[in-house]
Amino acid sequence: MSVPHEDELARAFEDERPRLLRVAYSTTGSLAEAEDCVQESWLRLRRLPDPGAIRDLRGWLTTVVGRQALDALGSARSRRERYVGTWLPEPLVEPAGAEASDPAERVTLDESVSMALLVMLDELSPAQRTAFLLHDVFGLPFDQVAEVVGRTPAAVRQLASRARRHIEQSRPHTPAPRAEQWRLVHAFAAACREGDLEALVRLLDPEVTWRGDGGGLVASLPGVVRGARDVARGLIALGPLPAGTSHVVTVNGAAGLVFYEPEGMVSVASFTVDGGRITAIDVQRNPEKLTSVRFRQTP
(Lines give C-alpha, C1' and ligand atoms only; values in the text may rest on other atoms or scores of the structure.)
Protein backbone atom coordinates (compact mmCIF):
# COMPACT_ATOMS: atom_id res chain seq x y z
CA MET A 1 0.00 0.00 0.00
CA SER A 2 1.52 3.35 -1.03
CA VAL A 3 0.69 6.41 1.07
CA PRO A 4 2.80 9.27 -0.30
CA HIS A 5 1.20 12.32 1.34
CA GLU A 6 0.68 13.09 5.04
CA ASP A 7 -3.04 13.85 4.69
CA GLU A 8 -3.55 10.52 2.92
CA LEU A 9 -1.40 8.83 5.55
CA ALA A 10 -3.56 10.35 8.30
CA ARG A 11 -6.75 9.18 6.62
CA ALA A 12 -5.37 5.67 6.17
CA PHE A 13 -4.33 5.61 9.81
CA GLU A 14 -7.75 6.79 11.01
CA ASP A 15 -9.35 4.00 9.00
CA GLU A 16 -7.27 1.53 11.01
CA ARG A 17 -7.69 3.23 14.41
CA PRO A 18 -10.77 1.27 15.67
CA ARG A 19 -9.07 -2.03 14.88
CA LEU A 20 -5.80 -0.92 16.45
CA LEU A 21 -7.66 0.13 19.60
CA ARG A 22 -9.20 -3.35 19.78
CA VAL A 23 -5.76 -4.94 19.42
CA ALA A 24 -4.28 -2.83 22.22
CA TYR A 25 -7.31 -2.92 24.52
CA SER A 26 -7.76 -6.69 24.26
CA THR A 27 -4.07 -7.08 25.13
CA THR A 28 -3.91 -4.63 28.05
CA GLY A 29 -7.48 -4.51 29.37
CA SER A 30 -7.09 -0.74 29.70
CA LEU A 31 -8.57 1.81 27.31
CA ALA A 32 -6.14 4.52 28.44
CA GLU A 33 -3.13 2.28 27.76
CA ALA A 34 -4.66 1.19 24.46
CA GLU A 35 -5.03 4.79 23.32
CA ASP A 36 -1.39 5.47 24.29
CA CYS A 37 -0.24 2.47 22.22
CA VAL A 38 -2.23 3.60 19.19
CA GLN A 39 -0.94 7.17 19.47
CA GLU A 40 2.64 5.91 19.68
CA SER A 41 2.12 3.89 16.49
CA TRP A 42 0.99 7.06 14.69
CA LEU A 43 4.07 8.94 15.89
CA ARG A 44 6.34 6.13 14.73
CA LEU A 45 4.61 6.05 11.36
CA ARG A 46 5.09 9.79 10.90
CA ARG A 47 8.78 9.54 11.79
CA LEU A 48 9.51 7.07 9.00
CA PRO A 49 11.53 8.65 6.18
CA ASP A 50 9.32 7.00 3.54
CA PRO A 51 6.04 5.63 4.95
CA GLY A 52 4.85 5.13 1.38
CA ALA A 53 7.31 2.23 1.13
CA ILE A 54 5.18 0.19 3.56
CA ARG A 55 3.52 -2.52 1.47
CA ASP A 56 1.05 -3.63 4.16
CA LEU A 57 0.10 -0.68 6.36
CA ARG A 58 -2.44 -2.67 8.39
CA GLY A 59 0.10 -5.38 9.17
CA TRP A 60 2.81 -2.84 10.01
CA LEU A 61 0.54 -0.90 12.37
CA THR A 62 -0.78 -4.07 14.00
CA THR A 63 2.77 -5.24 14.64
CA VAL A 64 3.80 -1.90 16.16
CA VAL A 65 0.68 -1.65 18.34
CA GLY A 66 1.00 -5.30 19.37
CA ARG A 67 4.59 -4.73 20.53
CA GLN A 68 3.63 -1.57 22.43
CA ALA A 69 0.68 -3.34 24.06
CA LEU A 70 2.84 -6.31 25.07
CA ASP A 71 5.32 -3.96 26.74
CA ALA A 72 2.46 -2.18 28.52
CA LEU A 73 1.03 -5.52 29.66
CA GLY A 74 4.39 -6.57 31.09
CA SER A 75 4.60 -3.37 33.13
CA ALA A 76 0.98 -3.75 34.26
CA ARG A 77 1.61 -7.33 35.44
CA SER A 78 4.35 -6.03 37.75
CA ARG A 79 1.95 -3.44 39.19
CA ARG A 80 -0.76 -6.06 39.66
CA GLU A 81 1.46 -7.97 42.07
CA ARG A 82 0.78 -5.09 44.48
CA TYR A 83 -2.88 -4.71 43.50
CA VAL A 84 -5.41 -4.93 46.33
CA GLY A 85 -8.10 -7.57 45.74
CA THR A 86 -9.34 -8.99 42.45
CA TRP A 87 -8.13 -7.31 39.24
CA LEU A 88 -10.71 -6.92 36.46
CA PRO A 89 -10.35 -5.16 33.09
CA GLU A 90 -11.57 -1.62 32.53
CA PRO A 91 -15.10 -1.90 31.10
CA LEU A 92 -16.19 -0.16 27.90
CA VAL A 93 -19.61 1.27 28.73
CA GLU A 94 -22.04 2.71 26.19
CA PRO A 95 -25.74 3.62 26.38
CA ALA A 96 -28.09 0.73 25.66
CA GLY A 97 -28.80 2.04 22.13
CA ALA A 98 -25.13 2.28 21.17
CA GLU A 99 -25.32 -0.84 19.03
CA ALA A 100 -27.12 1.27 16.42
CA SER A 101 -24.25 3.74 16.08
CA ASP A 102 -21.66 3.73 13.31
CA PRO A 103 -19.59 0.54 13.79
CA ALA A 104 -16.49 2.28 12.44
CA GLU A 105 -16.50 4.61 15.46
CA ARG A 106 -16.76 1.89 18.08
CA VAL A 107 -14.11 -0.13 19.89
CA THR A 108 -16.67 -2.73 21.05
CA LEU A 109 -17.18 -4.21 17.60
CA ASP A 110 -16.65 -7.93 18.14
CA GLU A 111 -15.86 -10.70 20.62
CA SER A 112 -12.22 -9.63 20.81
CA VAL A 113 -13.18 -7.13 23.54
CA SER A 114 -15.92 -9.10 25.34
CA MET A 115 -15.48 -9.06 29.10
CA ALA A 116 -15.71 -12.85 29.24
CA LEU A 117 -12.76 -13.20 26.85
CA LEU A 118 -10.71 -10.51 28.61
CA VAL A 119 -11.09 -12.28 31.96
CA MET A 120 -10.00 -15.58 30.37
CA LEU A 121 -7.05 -13.90 28.65
CA ASP A 122 -5.82 -12.57 31.98
CA GLU A 123 -5.13 -16.16 33.05
CA LEU A 124 -2.54 -16.50 30.25
CA SER A 125 1.07 -15.37 30.18
CA PRO A 126 1.65 -12.08 28.30
CA ALA A 127 3.34 -13.97 25.44
CA GLN A 128 0.49 -16.51 25.15
CA ARG A 129 -2.11 -13.75 25.25
CA THR A 130 -0.37 -11.73 22.57
CA ALA A 131 0.26 -14.71 20.28
CA PHE A 132 -3.36 -15.84 20.51
CA LEU A 133 -4.85 -12.40 19.95
CA LEU A 134 -2.60 -11.33 17.10
CA HIS A 135 -2.88 -14.61 15.20
CA ASP A 136 -6.26 -16.14 16.06
CA VAL A 137 -8.29 -12.97 16.55
CA PHE A 138 -6.60 -10.36 14.36
CA GLY A 139 -5.18 -12.61 11.65
CA LEU A 140 -1.48 -11.70 11.81
CA PRO A 141 0.82 -14.37 10.30
CA PHE A 142 3.02 -16.23 12.77
CA ASP A 143 6.21 -14.74 11.34
CA GLN A 144 4.93 -11.25 12.15
CA VAL A 145 3.67 -12.37 15.57
CA ALA A 146 7.18 -13.71 16.22
CA GLU A 147 8.57 -10.19 15.66
CA VAL A 148 6.21 -8.81 18.29
CA VAL A 149 6.78 -11.49 20.93
CA GLY A 150 10.50 -11.93 20.31
CA ARG A 151 10.27 -15.70 19.72
CA THR A 152 10.58 -17.94 16.68
CA PRO A 153 7.51 -18.59 14.51
CA ALA A 154 7.45 -22.19 15.78
CA ALA A 155 7.51 -20.98 19.39
CA VAL A 156 4.67 -18.49 18.93
CA ARG A 157 2.66 -21.19 17.15
CA GLN A 158 2.96 -23.27 20.33
CA LEU A 159 2.08 -20.29 22.51
CA ALA A 160 -1.07 -19.63 20.48
CA SER A 161 -2.01 -23.32 20.57
CA ARG A 162 -1.79 -23.48 24.39
CA ALA A 163 -3.79 -20.28 24.70
CA ARG A 164 -6.39 -21.58 22.26
CA ARG A 165 -6.91 -24.76 24.27
CA HIS A 166 -7.39 -22.75 27.46
CA ILE A 167 -9.87 -20.38 25.82
CA GLU A 168 -11.87 -23.22 24.25
CA GLN A 169 -12.15 -24.98 27.61
CA SER A 170 -13.30 -21.82 29.39
CA ARG A 171 -15.53 -19.97 26.93
CA PRO A 172 -19.34 -20.38 26.93
CA HIS A 173 -20.48 -23.55 25.15
CA THR A 174 -23.88 -22.10 24.24
CA PRO A 175 -23.45 -18.31 23.93
CA ALA A 176 -26.62 -16.31 24.33
CA PRO A 177 -28.13 -14.36 21.43
CA ARG A 178 -28.32 -10.62 22.02
CA ALA A 179 -32.05 -10.69 22.84
CA GLU A 180 -31.52 -13.36 25.50
CA GLN A 181 -28.68 -11.36 27.08
CA TRP A 182 -30.91 -8.33 27.44
CA ARG A 183 -33.81 -10.38 28.79
CA LEU A 184 -31.64 -11.99 31.47
CA VAL A 185 -30.02 -8.73 32.55
CA HIS A 186 -33.40 -6.96 32.79
CA ALA A 187 -34.72 -9.88 34.86
CA PHE A 188 -31.60 -9.79 37.05
CA ALA A 189 -32.04 -6.06 37.70
CA ALA A 190 -35.73 -6.56 38.54
CA ALA A 191 -34.96 -9.39 41.00
CA CYS A 192 -32.31 -7.22 42.71
CA ARG A 193 -34.72 -4.28 42.95
CA GLU A 194 -37.39 -6.47 44.51
CA GLY A 195 -35.05 -8.46 46.75
CA ASP A 196 -36.36 -11.71 45.22
CA LEU A 197 -33.91 -14.44 46.23
CA GLU A 198 -35.59 -17.32 44.39
CA ALA A 199 -35.92 -15.31 41.18
CA LEU A 200 -32.19 -14.61 41.29
CA VAL A 201 -31.33 -18.26 41.90
CA ARG A 202 -33.37 -19.25 38.83
CA LEU A 203 -31.40 -16.81 36.66
CA LEU A 204 -27.99 -18.02 37.83
CA ASP A 205 -26.02 -21.06 36.72
CA PRO A 206 -25.37 -23.46 39.64
CA GLU A 207 -21.61 -22.79 39.27
CA VAL A 208 -21.88 -19.02 38.75
CA THR A 209 -18.98 -16.81 39.89
CA TRP A 210 -19.25 -13.26 41.26
CA ARG A 211 -16.11 -11.09 41.25
CA GLY A 212 -15.59 -7.49 42.25
CA ASP A 213 -12.73 -5.01 41.73
CA GLY A 214 -12.43 -2.06 44.08
CA GLY A 215 -8.68 -1.68 43.71
CA GLY A 216 -8.37 -0.99 47.44
CA LEU A 217 -10.01 2.40 46.83
CA VAL A 218 -13.65 1.46 47.51
CA ALA A 219 -15.36 -1.45 49.23
CA SER A 220 -15.71 -4.58 47.13
CA LEU A 221 -15.85 -8.34 47.45
CA PRO A 222 -12.91 -9.78 49.43
CA GLY A 223 -12.74 -12.74 47.05
CA VAL A 224 -14.65 -14.70 44.45
CA VAL A 225 -18.14 -15.89 45.46
CA ARG A 226 -19.27 -19.14 43.83
CA GLY A 227 -22.57 -20.98 43.52
CA ALA A 228 -26.05 -19.75 42.64
CA ARG A 229 -27.50 -19.63 46.15
CA ASP A 230 -24.43 -18.05 47.76
CA VAL A 231 -24.23 -15.41 45.01
CA ALA A 232 -27.97 -14.70 45.25
CA ARG A 233 -27.79 -14.39 49.05
CA GLY A 234 -24.85 -12.02 48.75
CA LEU A 235 -26.69 -9.84 46.25
CA ILE A 236 -29.85 -9.76 48.39
CA ALA A 237 -27.73 -8.84 51.44
CA LEU A 238 -26.76 -5.61 49.66
CA GLY A 239 -30.40 -4.54 49.99
CA PRO A 240 -33.07 -3.79 47.36
CA LEU A 241 -31.96 -1.36 44.66
CA PRO A 242 -33.77 1.99 44.89
CA ALA A 243 -35.69 2.90 41.74
CA GLY A 244 -33.66 4.82 39.19
CA THR A 245 -30.23 3.82 40.54
CA SER A 246 -29.50 1.05 38.01
CA HIS A 247 -29.68 1.12 34.23
CA VAL A 248 -29.17 -1.51 31.56
CA VAL A 249 -26.28 -0.49 29.32
CA THR A 250 -23.88 -2.00 26.82
CA VAL A 251 -20.68 -3.27 28.48
CA ASN A 252 -18.02 -4.44 26.04
CA GLY A 253 -20.65 -5.06 23.41
CA ALA A 254 -23.03 -7.09 25.61
CA ALA A 255 -25.86 -6.31 28.02
CA GLY A 256 -24.69 -5.02 31.40
CA LEU A 257 -25.70 -2.76 34.27
CA VAL A 258 -24.44 0.52 35.67
CA PHE A 259 -25.27 1.40 39.28
CA TYR A 260 -25.23 4.96 40.63
CA GLU A 261 -24.85 5.18 44.41
CA PRO A 262 -25.98 8.10 46.59
CA GLU A 263 -22.37 8.90 47.52
CA GLY A 264 -21.62 9.52 43.84
CA MET A 265 -19.80 6.23 43.27
CA VAL A 266 -20.45 4.18 40.16
CA SER A 267 -20.32 0.42 39.65
CA VAL A 268 -20.47 -1.43 36.33
CA ALA A 269 -21.57 -5.07 36.10
CA SER A 270 -20.86 -7.30 33.12
CA PHE A 271 -22.44 -10.71 32.63
CA THR A 272 -21.41 -13.94 30.95
CA VAL A 273 -24.35 -16.03 29.77
CA ASP A 274 -24.19 -19.71 28.83
CA GLY A 275 -27.02 -22.18 28.31
CA GLY A 276 -29.68 -19.64 29.19
CA ARG A 277 -28.25 -18.73 32.60
CA ILE A 278 -25.77 -16.23 34.01
CA THR A 279 -22.43 -17.97 34.60
CA ALA A 280 -20.33 -14.98 35.69
CA ILE A 281 -20.95 -11.53 37.17
CA ASP A 282 -17.98 -9.15 37.12
CA VAL A 283 -18.45 -5.86 38.95
CA GLN A 284 -16.00 -3.01 38.40
CA ARG A 285 -16.00 -0.46 41.26
CA ASN A 286 -12.47 0.93 41.03
CA PRO A 287 -13.03 4.64 40.21
CA GLU A 288 -9.71 4.79 38.37
CA LYS A 289 -11.14 2.32 35.82
CA LEU A 290 -14.49 4.07 35.46
CA THR A 291 -13.41 7.53 34.35
CA SER A 292 -15.05 7.04 30.95
CA VAL A 293 -18.49 6.33 32.49
CA ARG A 294 -19.71 9.91 32.29
CA PHE A 295 -23.31 9.61 31.11
CA ARG A 296 -26.35 9.01 33.25
CA GLN A 297 -29.58 7.77 31.77
CA THR A 298 -32.94 8.85 33.04
CA PRO A 299 -35.10 6.11 34.59
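Relative to the longest principal axis of the Cα atoms of the chain, the long axis of helix 31-47 makes an angle of roughly 10 degrees. Residues considered: 155, 176, 34. Largest GNM mean-square fluctuation over the chain, using C-alpha springs under 10 Å, is found at 155.
Rounded to whole Å, the principal axis extents of the Cα atoms in region 176-299 read 33, 31, 25, largest first.
Residue by residue, region 207-217 carries 3J(HN,Hα) couplings of 9, 4, 10, 10, 10, x, 10, x, x, x, 9 Hz when phi is fed to the Karplus relation 6.51 cos²θ - 1.76 cosθ + 1.60 (θ = phi - 60°); x denotes Gly or Pro. Of the whole protein surface, residue 132 contributes about 10 Å² of accessible area at a 1.4 Å probe radius. Highest mean first, the peptides 81-90, 122-131, 265-274 sorted by other C-beta atoms within 10 Å per residue fall in the order 265-274, 122-131, 81-90.
Between residue 208 and 227, 228, the built amide H atoms are under 5 Å apart, and every one of these is 5 or more places off in sequence or on another chain. Placing +1 on each Lys and Arg Cβ and -1 on each Asp and Glu Cβ, with no other charges, gives region 198-299 a dipole about its Cα centre of roughly 100 debye. Solvent-accessible area assigned to carbon and sulfur over region 134-274 amounts to 53 percent, based on a 1.4 Å probe. Other residues within the sphere of radius under 15 Å centred on the Cβ of residue 143, judged by their own Cβ, net out at +2 (K and R +1, D and E -1).
With only Cα atoms counted, the chain has Rg and Dmax values of 20.3, 66 Å. Angle of helix 178-194 to the longest C-alpha principal axis of the chain, folded into 0 to 90 degrees and rounded to 10: 40°. For residue 29, no residue whose modelled amide H falls within less than 5 Å of its own remains once neighbours fewer than 5 places apart on the same chain are excluded. The charge dipole of region 156-227, taken about the Cα centre with unit charges on the Cβ atoms of Lys, Arg (+1) and Asp, Glu (-1), comes to about 540 debye, rounded to the nearest 20.
Its alpha carbons considered, region 107-243 gives a radius of gyration followed by a Dmax of 19.1, 57 Å.
Regarding region 1-62, what's the average projected area of the Cα-atom convex hull, expressed in nm²?
3.7
Surface analysis of the chain yields an accessible area of 47 Å² per residue, using protein heavy atoms and a 1.4 Å probe.
Of the solvent-accessible surface of region 1-96, computed with a 1.4 Å probe over protein heavy atoms with every protein chain present, carbon and sulfur atoms account for 48 percent.
The helix-only estimate of mean residue ellipticity at 222 nm for the chain, built from DSSP H runs of length n ≥ 4 each weighted as -39500 (n - 2.57), is -15000 deg cm²/dmol after division by the residue total. Relative to the dominant Cα principal axis of the chain, helix 153-170 is inclined by about 10°. Entry for region 163-233 at q = 0.28 Å⁻¹: log10 I(q)/I(0) = -1.18, Debye formula applied to identical alpha-carbon scatterers, no solvent contribution.
The values are calculated or read from the model by the stated rules, or taken from the named source; none is laboratory data. Keep in mind it's a predicted model, so treat the numbers as computed, not measured. Every residue, glycine among them, receives a Cβ derived from its backbone with ideal geometry; neighbour counts consider all protein chains shown. Accessible surface is based on the protein model in full, side chains and every heavy atom, while ligands, DNA and RNA are left aside. Shrake-Rupley method; radii C 1.70, N 1.55, O 1.52, S 1.80 Å.
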